[in-house]
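Enquirer: To start, I am sharing the structure in question, which I have written as C-alpha cells.
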C-alpha cells in the first residue's frame, strides 16, 4: 500500500483515506496503484462489503498530480497505467462505494464521486471538473455519468467552464445524497457505509449490477482515455499547462 493511501477494514467497511494533505491530496500514479488494489480487494474479498473513500486535510483531492500529468504527456497514455487499472476497478465494482467529501474535489476528485453509490458532501465543498481549462478531456466515464445525473446543459457547463459548484448545489443537482457541515461529513458517511454493510450482501451486489453496465462504462473509459491522451500532448495542453505553471490565463486565440 502507498504511504499516501491508508486503508482500514472495520465491520465490513474498507475505509480508503487520501493522506497527502500537504499536496491537497493530488493523486500520483503510485497512489492510483494503491487505490486500484483497494477497489479490487473490495470486489473479491468477502470480508469487505462496502468501500468508503475519504481524505485527510482540507481537500478531498486536487485531482491528478501535475508532475504525473507532464510525465504522461511525454510517455503516452497506454491503457496499462495505474490510473486505468483504478478506473477499470471502479467500472467492475459491484459492491457499494461511499464517499465523504470536504473542501475541494477537482477532476478525478469529482468524477470518482460519479462512480460511487452514496456521496456525502460538505455544504461548503467545491467540486469542479476543469478538463477543458487544461485543454484535455473528461475521464472515469464522466462524459456519460455527469449528464445522466445533472442533465446535458449543466454537465456541459461544468466541463466547459470548469467553475466549481458547492456542496449545496451538488445535493440539489443529484450528485450527492447528503450535504452537511464539514465537521459532520465523515460521521454521516461512515454511518451510511455501516448501514449498507448490514444489508443482505448478495442482494446489494445484484441490485448494483442491474443498475449499471460495467462493460459499457469500461468501454467508454477507454474511449475517454484516447481523447485524453491525444489532447495531453497537443499544443493546446502545452499552452494550458505552461499558463498554469506561470499562474496566468491560457491564450488559445492562435490555436485551432
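The numbers here are math on the coordinates, done by the rules we state, and not lab data. In this text, all values refer to a predicted model and were calculated from it rather than measured experimentally. Cβ sites come from the backbone with ideal geometry, for glycine too, and all protein chains shown count toward neighbours.
Enquirer: Test of understanding: in a Gaussian network model of the chain with alpha carbons linked when under 10 Å, which of 234, 61, 89 would top the mean-square fluctuation ranking?
Expert: Of 234, 61, 89, the most mobile in the Gaussian network model is 234.
Enquirer: Would you order 241, 86 from fewest to most other beta-carbon atoms within 10 Å of each residue's own beta-carbon? Don't jump to the answer; show the numbers that get you there.
Expert: Working: 241 19, 86 25.
Result, fewest neighbours first: 241, 86.
Enquirer: Here's another thing I want to ask about it. Could you work out how much longer the chain between residue 152 and residue 47 gets when fully extended? Use 0.36 nm per residue separation minus the Cα distance between them, nm to one decimal.
Expert: Working: separation 105, 0.36 × 105 = 37.80 nm, distance 3.88 nm.
The residue 152-residue 47 span can extend by a further 33.9 nm.
Enquirer: Only counting other Cβ atoms within 10 Å, I'd like 148, 31 sorted with the fewest neighbours first.
Expert: 148, 31
Enquirer: Compute the long axis of helix 214-232 from its Cα atoms, compare it with the longest principal axis of the Cα atoms of the chain, and write down the angle in degrees, 0 to 90, nearest 10.
Expert: It is inclined by approximately 30 degrees.
Enquirer: Test of understanding: ordering 238, 136 by Cβ neighbours within 10 Å, fewest first, what list do you get?
Expert: 238, 136
Enquirer: Candidates [x] 148; [y] 241; [z] 119; which is the computed volume of the Cα convex hull per residue in Å³?
Expert: [z]
Enquirer: Separate question: Treat segment 27-170 as a sphere of radius equal to its Kirkwood radius over Cα pairs and apply Stokes-Einstein at 10 °C in a medium of 1.306 mPa s; give the translational diffusion coefficient in µm²/s, rounded to a whole number.
Expert: 102 µm²/s
Enquirer: Using a/c under 1.5 as the rounded threshold, could you call segment 109-189 rounded, prolate or oblate? The axes a ≥ b ≥ c are square roots of the C-alpha gyration tensor eigenvalues, and prolate needs a/b larger than b/c, oblate otherwise.
Expert: prolate
Enquirer: If you don't mind, another one. Divide by every residue of the chain the summed helix terms, -39500 (n - 2.57) for each DSSP H run of at least 4, and state the resulting mean residue ellipticity at 222 nm, rounded to the nearest 500 deg cm²/dmol.
Expert: Only helices count here, giving -14500 deg cm²/dmol.
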